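Encoded as structure tokens, the structure appears first; notes follow it.
The values are calculated or read from the model by the stated rules, or taken from the named source; none is laboratory data. If you're wondering where the values come from, they're calculated on a predicted model, not measured in any experiment. Every residue, glycine as well, gets a Cβ built from its backbone with ideal geometry; the counts of neighbours run over all protein chains shown.
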């Protein structure tokens, strides 16, 4: 296992343990670009929906709300890459019911424990949390209608493999709808070389054009990357940004 993957696993295992102490993620140790600036995890979710579910956004470590992009419908199947505490999976499960199913995949045992506890607490039956990596999803080809993810793909060392894996598990005509961090400017070498920064969603970011190219290379049609919020890093204004990323698997290939 790579040093980067170890760092990511350790960071989010520690965060999962903090959930049990009822600590919100919406601080500088969340998926945020720098200690002096945090991204509000809760700003992307409807409070009424969270209240109905019986959870709050403190179990999200994301930088957006991919469900706003996914346009889920009853009867569909959906996969969340890097599902963490399970918020996006559980919200998805409600939206695809009846007849649909939501899957989450995560490599961290502690996060899977949190997610399964949350699923039991809110009594949602059409959700399943799987142990695995986003580079090697434990689902067959063409298993789901939609793939979502929330500030996770930027953490992967080989993002091309992750995007190709998302393409693999999608049915023909299936949709990719993810929130992620992208690079708008070149980061200082010291930030790029720091594993801790990578685990914190900073140095793992790649330029928009590179990200778009990976989507096209994987086979996605209609690839779109929309910048939603810019962030400063190490005094560089607008160095990275939250982005809404969409694509579709062709009906025939």
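Counting only helices (runs of 4 or more DSSP H) that fall entirely inside the range 152-214 and contain at least 1 residues that are surrounded by fewer than 17 Cβ atoms within 10 Å (Cβ to Cβ), out of contact with any helix residue (DSSP H, G or I) (no Cβ under 9 Å at 6 or more places or on another chain) and modelled with pLDDT under 85, the qualifying elements are 189-192. Taking the range 65-145 and the helices (runs of 4 or more DSSP H) fully enclosed by it, the elements with 1 or more residues that are within 14 Å of residue 175 (Cβ to Cβ), in contact (Cβ under 8 Å) with a residue 60 or more places away in the chain and under 14 Å from the mean Cα position of the chain (by Cα) are at 67-70. Of everything in the range 118-136 that is touching a strand residue (DSSP E or B) at 6+ places or on another chain (Cβ under 8 Å) and within 21 Å of residue 96 (Cα to Cα), the residue that is surrounded by the fewest Cβ atoms within 10 Å (Cβ to Cβ) is 130. The number of residues in the range 96-115 that are surrounded by fewer than 24 Cβ atoms within 10 Å (Cβ to Cβ) and modelled with pLDDT of 95 or more comes to 6. Exactly one residue among 60, 77 is closer than 26 Å to residue 224 by Cα, in contact with a helix residue (DSSP H, G or I) (Cβ under 9 Å, 6 or more places away or on another chain) and modelled with pLDDT of 90 or more, and that residue is 77.
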